[in-house]
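K.L.:
Dropping the structure in here first, questions after.
The values are calculated or read from the model by the stated rules, or taken from the named source; none is laboratory data. These numbers come from a predicted model, not from an experiment. Every residue, glycine as well, gets a Cβ built from its backbone with ideal geometry; the counts of neighbours run over all protein chains shown.
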Amino acid sequence: MIEKVEQAKSKALPGSRATRLSWVKSNLPIILFWVVLGVAPLVVRDPYLRHLIVVGLLFGAHAMVSDITIGMMNISNFGYAGFIGLGAYTSALLVMHTGVSPFLGLFTALIVSSILGFITGILTLRLRGLFVAIMAWFVALALQALAAVLVDVTRGYLGLFVAPLLTTRSIINQFYILFTIVLTIYLVIRWVVNSRIGMAIRAIGQNQDYARASGVDYVRYRLIAFTLSCGFAGLLGAYYGHFVGILTPDVMGTNQTVEVIALNIIGGRGSIWGPLLVGLISIPTFEFLKSLMEIRLIIYGSLLLLVIILYPTGLAGLITSIYAKVSKLIRKQT
């Protein structure tokens, strides 16, 4: 009897083998996703396909980062593209004028975008609903206008040439730099979601008034999430600048924000990995079907309607549901 009790206790311990196996089973689709993504460039030999994987991963990463505000806080950041551009121009100009390593430029872009995100959050996050989105959008429009007007600094629409991250432009190296950045961002977001901060942010997103009545400082936690999202947007924007090699104010355009929000909702708000997966699927698909590229926003709109009406949890919810049913069926058969 005592042995059975000890066995039951060992199974319940956080570090026990049973607990680890349970965690692996529940996260198996996500683990497989990262493993397959990590080896994909080694399996795919075509340089063009490798390039599409990098572009898809970059757009998917933006959709994943936007999930901090859309999925967790239930706030659409219409100024998201402005922070992408801010990070891109910050890193490009720093490297150009000081000659520092582009990797230091990435870190600087993260810090500068976080600071502006923090300031924007202080000014906007006491507001409600659409007012937050509009105020953030105005910040993005202001940044885009500055990038276009300050020709002596940014070269405006003539385009600012950006130094590459590495002396070699090997697409494999480019991929694994981005892969490391995106995986790190994903782990940070997962850590935040599973922490007390994440619980507070989700509570605010579900019902702000109930959260405030429960003693949650809604401005503080919304500010943390908003700053984190803007900082990561700047980091990814800096990578984009060094990857593409040229920047124009169009990088801050509203179309970029709309596309990111669409990918997020289609992938599944609050899932974190769902928007990333949709980005990896949709961008290469549109590239292959070039005739659809010009109407991709219309296609995104149609998919949004279908997802909202038929399956609000998005692609991530669909995959999770299928995985749960398959696992249940296997358990029954065994």
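K.L.:
Can you give me the number of residues within region 79-125 that are outside any helix (DSSP H, G or I) and surrounded by fewer than 17 Cβ atoms within 10 Å (Cβ to Cβ)?
P.N.:
Residues flagged as outside any helix (DSSP H, G or I) and surrounded by fewer than 17 Cβ atoms within 10 Å (Cβ to Cβ) within region 79-125 amount to 3.
K.L.:
Tell me which residues, restricted to region 128-153, are of a type in the set (S, T, N, Q) and either over 20 Å from V112 (Cβ atoms) or modelled with pLDDT under 85 (or both).
P.N.:
Once the filter is applied, which keeps residues that are of a type in the set (S, T, N, Q) and either over 20 Å from V112 (Cβ atoms) or modelled with pLDDT under 85 (or both), region 128-153 yields nothing.
K.L.:
Right, another one. Taking into account only those residues within region 154-165 that are in contact with a strand residue (DSSP E or B) (Cβ under 7 Å, 6 or more places away or on another chain) and not in a helix (DSSP H, G or I), which is modelled with the lowest pLDDT?
P.N.:
Checked region 154-165; the qualifying residue modelled with the lowest pLDDT is G159.
K.L.:
Then there's this: Check every one of the helices (runs of 4 or more DSSP H) wholly within region 272-334 and list those with 1 or more residues that are polar (S, T, N, Q) and more than 20 Å from the chain's Cα centre (by Cα).
P.N.:
296-310, 314-333
K.L.:
Just wondering, is there one or more residues in region 166-184 that are at pLDDT 90 or above, within 21 Å of G82 (Cβ to Cβ) and not in a helix (DSSP H, G or I)?
P.N.:
Checked region 166-184: no residue is at pLDDT 90 or above, within 21 Å of G82 (Cβ to Cβ) and not in a helix (DSSP H, G or I).
K.L.:
Separate question: Starting from region 133-161, keep only residues that are touching a residue at least 40 places away in the same chain (Cβ under 8 Å) and of a type outside the set (A, V, I, L, M, F, W, C), then list their pairs with residues that are surrounded by 20 or more Cβ atoms within 10 Å (Cβ to Cβ) and in a helix (DSSP H, G or I) whose Cβ atoms are within a distance under 6 Å, requiring at least 6 positions of separation or different chains.
P.N.:
Between residues of region 133-161 that are touching a residue at least 40 places away in the same chain (Cβ under 8 Å) and of a type outside the set (A, V, I, L, M, F, W, C) and residues that are surrounded by 20 or more Cβ atoms within 10 Å (Cβ to Cβ) and in a helix (DSSP H, G or I), the close pairs are Q144/P249; Q144/M252; T154/A147.
K.L.:
In addition: Buried (at least 24 other Cβ atoms within 10 Å of the Cβ) and touching a residue at least 12 places away in the same chain (Cβ under 8 Å): is that true of S76 in this structure?
P.N.:
No, not satisfied.
Residues checked against (1) farther than 19 Å from V192 by Cβ; (2) at pLDDT below 85:
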position: L28; (1), (2): yes, yes
position: F33; (1), (2): yes, no
position: V43; (1), (2): yes, no
position: Y48; (1), (2): yes, no
position: H51; (1), (2): yes, no
position: F59; (1), (2): yes, no
position: A63; (1), (2): no, no
position: G71; (1), (2): no, yes
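K.L.:
Can you pull out every residue in region 202-230 that is under 21 Å from V182 (Cβ atoms) and surrounded by 24 or more Cβ atoms within 10 Å (Cβ to Cβ)?
P.N.:
Hits for region 202-230 are A225, F226, S229, C230.
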